[in-house]
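Report on one structure; see the data block that follows.
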Amino acid sequence: MIKQGKAKFSNPVGGAAIKVRVNTKAGKNRIKKVDTNSGLVTIDLVCEKDQINSELTSFLMQLLNSKKREIEILDSVTDADKVVCILGKSVEKINDVLK
């Protein structure tokens, strides 16, 4: 479970926040699992640990058809566990894409 960090929204535009766990050194970038009970999205990324944030942002931009400025990593409790805000997208739209 992701621990509570010091996340702060820096942009008042509407959107949705998701909890993400990133597995690095995967064979391909993909959504591995969506746990509807905990609200955790597990994503496999082909990258090194120092590239997680940029690769995650790029992956979510493509997946959600969003711009870079609309993807905001709010909290990064560990290298793998993150809270990400997608600005300008409804929870319903994000859920539809993640399924």
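Largest accessible area first, the listed residues Glu55, Glu92 line up as Glu92, Glu55 when surface is computed with a 1.4 Å probe on the assembled protein chains.
Suppose accessible area is computed on protein heavy atoms with a 1.4 Å probe; arrange Arg30, Arg69 from highest to lowest.
Arg69, Arg30
With K and R counted +1 and D and E -1, the other residues having a Cβ less than 12 Å from that of Thr42 yield a net charge of +3.
Electrostatic tally near Asn53: other residues with Cβ closer than 12 Å to its Cβ, Lys and Arg +1, Asp and Glu -1, net -3. Full extension of the chain segment joining Thr78 with Ser90 gains 1.7 nm, where the gain is 0.36 nm per residue of separation less the Cα-Cα distance. Counting protein heavy atoms only, the chain has 47 percent of its accessible area on carbon and sulfur, 1.4 angstrom probe. Under 5 Å from the amide H of Ala26 lie the amide H atoms of Leu45, Val46, Cys47, each residue being 5 or more positions distant or on a separate chain, with H modelled from the backbone and absent for Pro and chain starts. Gaussian network model of the chain, Cα springs within a sub-10 Å range: biggest mean-square fluctuation belongs to which of Thr57, Thr42, Thr78? Greatest mean-square fluctuation among the candidates belongs to Thr78. Checking the a/c ratio against 1.5 first, then a/b against b/c, what shape does the Cα gyration tensor give for the chain? Judged from the Cα gyration tensor, the chain comes out rounded (a/c under 1.5).
The values are calculated or read from the model by the stated rules, or taken from the named source; none is laboratory data. Keep in mind the model is a prediction, meaning the values are calculated, not measured. Positions of Cβ are backbone-derived with ideal geometry, glycine not excepted, and every protein chain shown enters the neighbour counts. When the accessible area is computed, the model is the full protein with side chains, heavy atoms only, and any ligands, DNA or RNA have been set aside. Shrake-Rupley method; radii C 1.70, N 1.55, O 1.52, S 1.80 Å.
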